[in-house]
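Please read the structure below before turning to the comments.
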Amino acid sequence: MSQENVEIVLAMGDAWNDADARRLRDIYDPEVVIRPPEGWPEPGPFVGVDAVMRQWEQTRELWSADTFEIVGDPIDAGDRVAVRLVWTGAGRGLQTHLEFTAIYTVRNGKVCDQESFWDHADALKAVGLGE
């Protein structure tokens, strides 16, 4: 099951990078909870697929282009997958480049929880892989 969870998380990144909101929505559990990292501009948590998709739409409106890139290999942690990400956005003369690690919990083939950390070591501790 764990490799399937990794594939679901990778498909989510592909859906984002393809700007395919319908495919992205289908990957989320209806009751999904997204917890951005501390200090993220929009405080969260975002609860429920409608709130999550609304947040992502607002984010997309601010940038004329943005992408997620995976840094290294996703870490399989049972029903959770840790992914180190770089998000790059560009538009209207602005650019941003943010690196963080997201922990995705997958149940019944859907992402039901995402918690993000600025510090990769903190994220690994959250899944029981750090000191």
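The values are calculated or read from the model by the stated rules, or taken from the named source; none is laboratory data. Please read these numbers as outputs of a predicted model, since none were measured by experiment. No Cβ is skipped: glycine too gets one built from the backbone with ideal geometry, and neighbour counts run over all protein chains shown.
Restricting the range 1-20 to residues that are aliphatic (A, V, I, L, M) and not in a helix (DSSP H, G or I), which is modelled with the lowest pLDDT? Outline the logic, then answer.
Restricting attention to the range 1-20, the residues satisfying the condition of being aliphatic (A, V, I, L, M) are 1, 6, 8-12, 15, 19.
Then drop every residue that is not not in a helix (DSSP H, G or I), which leaves 1, 19.
Numbers: MET1: 47, ALA19: 89.
Filtering first and then ranking leaves MET1.
Taken over the range 21-49, the residue count meeting the criterion of being surrounded by 13 or more Cβ atoms within 10 Å (Cβ to Cβ), outside any strand (DSSP E or B) and either without any contact (Cβ under 8 Å) to a residue 12 or more places away in the chain or at negative phi (or both) is 12. Among the residues of the range 54-62, is there at least one that is surrounded by 15 or more Cβ atoms within 10 Å (Cβ to Cβ) and either in contact with a helix residue (DSSP H, G or I) (Cβ under 9 Å, 6 or more places away or on another chain) or closer than 21 Å to SER2 by Cα (or both)? There is at least one residue in the range 54-62 that is surrounded by 15 or more Cβ atoms within 10 Å (Cβ to Cβ) and either in contact with a helix residue (DSSP H, G or I) (Cβ under 9 Å, 6 or more places away or on another chain) or closer than 21 Å to SER2 by Cα (or both).
Pairing each residue of the range 97-119 that is in contact (Cβ under 8 Å) with a residue 40 or more places away in the chain and closer than 10 Å to ARG35 by Cα with any residue that is buried (at least 16 other Cβ atoms within 10 Å of the Cβ) and acidic (Asp, Glu), provided the two are 6+ apart or on different chains, yields no C-beta distance under 7 Å. Filtering the range 87-101 to residues that are over 19 Å from ALA19 (Cβ atoms), buried (at least 17 other Cβ atoms within 10 Å of the Cβ) and not β-branched (Val, Ile, Thr) leaves only PHE100.
Name the residues in the range 50-70 that are under 15 Å from the mean Cα position of the chain (by Cα) and in a helix (DSSP H, G or I), would you? If you could, list the steps in order and put the result at the bottom.
Step one: filter the range 50-70 for residues under 15 Å from the mean Cα position of the chain (by Cα), giving 51-57, 59-60, 66-70.
Within the range 50-70, ALA51, VAL52, MET53, ARG54, GLN55, TRP56, GLU57, THR59, ARG60 meet the criteria.
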